[in-house]
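As structure tokens, the structure follows; a few thoughts come after it.
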Amino acid sequence: MKKNLVPLVLLALLAVFPLVVKDNYYRHLMILFLMWVVIGSAWNLIAGYTGQVSFGDAAFFGSGAYAAGLLSHHFGISAWWGLALGGVAAVAVGLPFGWICFRMRGAYFALATLALNEVLRHSAAIAEGFTGGMVGILIMPSFVSKVPYYYVALALAAASMASIRWIVHAKPGYYFVSIREDQDAAESLGINTHFYKMLSLAVAAFWTGVAGSLYMNYMGFIDPDVVFSLHDISIMAILVGIVGGVGTVYGPMVGAFVMVTVQELFRSGFFGLFAFLGRATGSSAVEAVAKTITGAHVLGFGILVVVVILVLPNGIVGDWRKIRNAFSWTKTAT
Amino acid sequence: MAFFRVEELVKYFGGLAAVNGVSFDVKQGEILGLIGPNGSGKTTTFNMISAYHRPTSGRVIFKGQEIHRLPTHKICRLGIGRTFQVVKPLGRMSVLDNVIAAAYSRVNTHAEAQALALETIGFCGMTPVKDQLAKSLPIAGRKRLEIARAMATKPELLLLDETAAGLNPTELIEAIDLIRKIRDNGTTIIIIEHIMHVIMTISDRIHAINFGQTIAEGTPKEVAANQAVIEAYLGTDYA
Ligand SMILES: Nc1ncnc2c1ncn2[C@@H]1O[C@H](COP(=O)(O)OP(=O)(O)OP(=O)(O)O)[C@@H](O)[C@H]1O
Ligand SMILES: [Mg+2]
């Protein structure tokens, strides 16, 4: 019971958030945060627990987004149906891919995921008749208010985390970590490593695809470069996983919060701080810096990863004790 | 019908015949010692039995069933466990979690797996270190973990590849005791070992190979007195 207390309190707080905070800007950021909890948890399952690092999460995200978008575009079926279908579409992409590529180990698998994403991105761009090509897909949003989207995102974040927590504490979880630690040893212990890697990938792809469909519904617009983006989706997913702590259940949630905040800091030029300084000083140099910083979030991500790996190699959740000790030195110094 | 048998096993790596026509039987309940100089093909033989390598030719038969086309994980589930000469601990898992992962090959719920793992850890004398990370164990602990993990898969036949190498005299005695206890519990064993007094005291029969081929088989006494074995180990000058 005590073990479930923290998540339940957290869930309750998140549930009342849109009732308390009426500002649409913060609601928007929280929807993004919840979406990244789903994606980060999924990436963490296949990469953090199972040790099969994916550089191509956007392949599953984009598949889910396009499944929902195309459903609505071609058949006039609400893209909300695409939530489940998006997950299934991503699994349909992931399983044959895993079947072939899990024969490769380590960096080869990671590179193959990268290739998968590129193949899908180009396919979506080329198949104009079906996908709309580079023009993308535009659908009518179902709601004007952000609140319904918020609760759907919250439900998906809670469901994805709960399902993954359940899996990693049961037999498959032990098998995933065994595969990560030593695949040959795992085989000798009766673990069908190929099957369990596929299982891990299927669950991860499913949730990533669901997140993609959520994105389609919420944003109302996708194109190949947005949903199959290497840096905005695939690398962001890796960062969410690493910053929070790989192989921990709550790591991706912390990582998602940090990364969405950092991303927004850069996108908004530190909430307009640099733009303000530029206007205040009238200096063109400061204005130039402001513009550069706004566009430099990828660089900022890179620096953040280096810092995290150097200072907190196990992520914020994995190195929590280290962080706590660093801040409580006055008490322990006696 | 033999409990376990390999027939004319051959394994080529490129042009090199690591194993070149090895055959032997193992009776249920016995300890068979597999000896030979470095590079003579002992580990390769184990790797073919547990399907890390496909034999170039030959057959492996366990309780009347041909198993040399099955994948490694199925061999484990059929009841053949193994340890690795170069130990393969699941480093960032505790000793208990290592053994739980193995126990899941026989049971499905966490409670059952944990119970079986704790029992096996107790049997192998690892209870005091059960919560340590596997990578923090010294070599003797790692060798013992290899055995504990294999035992949690409830093998009828256990392949031990140099589990006594690198142990000090006290640890060696403990290791021998454990291996005897495993046999007394009804598990058949094939053991590879370089330390002569270990293999001589523990084995019921010994199969000796050199350059991938059988050079002798018999009781420890017979094999120790065998001319070909003495030559293989000491060189022709001493024979
Ligand atoms: N995967 C492999 N690829 C190529 N050659 C190999 C491979 N595994 C083993 N060999 C070679 O096969 C021969 C037999 O090796 P093996 O490991 O079976 O010997 P061993 O009897 O276990 O020796 P040791 O007592 O040193 O452990 C050696 O010459 C070795 O170099
Ligand atoms: Mg060897």
>> Rounded to whole Å, give me the distance from the Cα center of the stretch A:153-173 to that of the stretch A:78-127.
In response: 21
>> Among A:V152, A:V168, A:V93, which residue has its Cα furthest toward the positive end of the charge dipole of the stretch A:83-175, with +1 on Lys/Arg Cβ and -1 on Asp/Glu Cβ?
In response: A:V168
>> Report the rotationally averaged projected area of the stretch A:175-271 based on its alpha-carbon convex hull, in square nanometres.
In response: 7.7
>> Among B:121-128, A:296-303, A:116-123, A:248-255, how do they line up by average Cβ neighbours within 10 Å per residue, starting with the highest?
In response: A:248-255, A:116-123, B:121-128, A:296-303
> When the Debye formula is applied to the Cα atoms of the stretch A:41-90, each taken as the same point scatterer, what base-10 log of I(q)/I(0) results at q = 0.21 Å⁻¹?
Replying inline: -0.69
> Per residue, how much accessible area does the stretch B:100-239 show when a 1.4 Å probe rolls over the protein heavy atoms, in square angstrom?
Replying inline: 45
>> How many Å² of accessible surface get buried when B and A come together, counting both sides, probe radius 1.4 Å, rounded to the nearest 100?
In response: 1800
> Roughly how many debye, to the nearest 20, is the charge dipole of chain A about its Cα centre, given +1 on each Lys and Arg Cβ, -1 on each Asp and Glu Cβ, and no other charges?
Replying inline: 980
> Any idea what the dipole of the protein assembly as shown comes to, in debye rounded to 20, about its Cα centre with Lys/Arg Cβ at +1 and Asp/Glu Cβ at -1?
Replying inline: 1160
> Hey, can you list the DSSP H helices of chain B whose Cα span along the axis is 18 Å or longer and whose average Kyte-Doolittle score is at least 0.0?
Replying inline: B:110-123, B:139-152
> Roughly how crowded by other chains is peptide B:80-91, in terms of the mean Cβ count from those chains within 10 Å of each of its Cβ atoms?
Replying inline: 3
> Among rounded, prolate and oblate, which fits the stretch A:21-228 when a ≥ b ≥ c are the square roots of the eigenvalues of its C-alpha gyration tensor, a/c under 1.5 means rounded, and a/b larger than b/c means prolate?
Replying inline: oblate
>> Could you tell me how far the Cα centroid of the stretch B:18-74 sits from the Cα centroid of the stretch B:169-219, in Å?
In response: 16
> With chain A treated as a Gaussian network of Cα nodes joined by springs under 10 Å, which of A:T208, A:T261, A:T292 yields the largest mean-square fluctuation?
Replying inline: A:T292
>> Here is the link list: B:K11/B:K74; B:K74/B:K181; A:K197/A:K322. Which ones come out longer than 23 Å on Cα distance?
In response: B:K74/B:K181; A:K197/A:K322
>> Can you show me the helix-derived [θ] at 222 nm for chain B, built from DSSP H runs with n ≥ 4 at -39,500 (n - 2.57) apiece and divided by the number of residues, rounded to the nearest 500.
In response: -11000 deg cm²/dmol
> Label 7 Å along Cα→Cβ of B:E30; the stretch B:147-172 residues with amide nitrogen under 17 Å?
Replying inline: B:157-160
> What does the charge count near B:N47 come to, summing +1 for each Lys or Arg and -1 for each Asp or Glu among other residues with Cβ under 11 Å from its Cβ?
Replying inline: +2
>> Placing +1 on the Cβ of each Lys and Arg and -1 on the Cβ of each Asp and Glu in chain B, which of B:G36, B:S203, B:M126 has its Cα farthest towards the positive end of the resulting dipole?
In response: B:M126
> Among A:A170, A:A153, A:A186, which one shows the biggest mean-square fluctuation in a GNM of chain A, springs joining Cα atoms closer than 10 Å?
Replying inline: A:A170
> What number comes out for the charge environment of A:G247, summing +1 per Lys or Arg and -1 per Asp or Glu over other residues with Cβ under 13 Å away?
Replying inline: 0
>> Of the candidates B:F84, B:F13, B:F24, which one comes out as most mobile in a Gaussian network treatment of chain B with C-alpha springs shorter than 10 Å?
In response: B:F13
> Hey, got the average number of other protein chain Cβ atoms within 10 angstrom for residues in A:171-179?
Replying inline: 5
> Tell me, what is the per residue accessible area of chain A in Å², probe radius 1.4 Å?
Replying inline: 46
> When you look at the Cβ of every residue in B:92-105, what mean number of other chain Cβ atoms sits within 10 Å?
Replying inline: 5
> For the protein assembly as shown, what log10 I(q)/I(0) values come out of the Debye formula at q = 0.06, 0.07 1/Å, with one point per alpha carbon and no solvent?
Replying inline: -0.41, -0.54
> Which percent of the accessible area of the stretch A:21-228 is formed by carbon and sulfur heavy atoms (probe 1.4 angstrom)?
Replying inline: 72
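The values are calculated or read from the model by the stated rules, or taken from the named source; none is laboratory data. These numbers come from a predicted model, not from an experiment. FYI the Cβ positions are ideal-geometry reconstructions off the backbone, even for glycines, and counts take in every protein chain you see. What goes into the accessible areas is simple: the full protein's heavy atoms, side chains included, and nothing from ligands, DNA or RNA. Shrake-Rupley method; radii C 1.70, N 1.55, O 1.52, S 1.80 Å.
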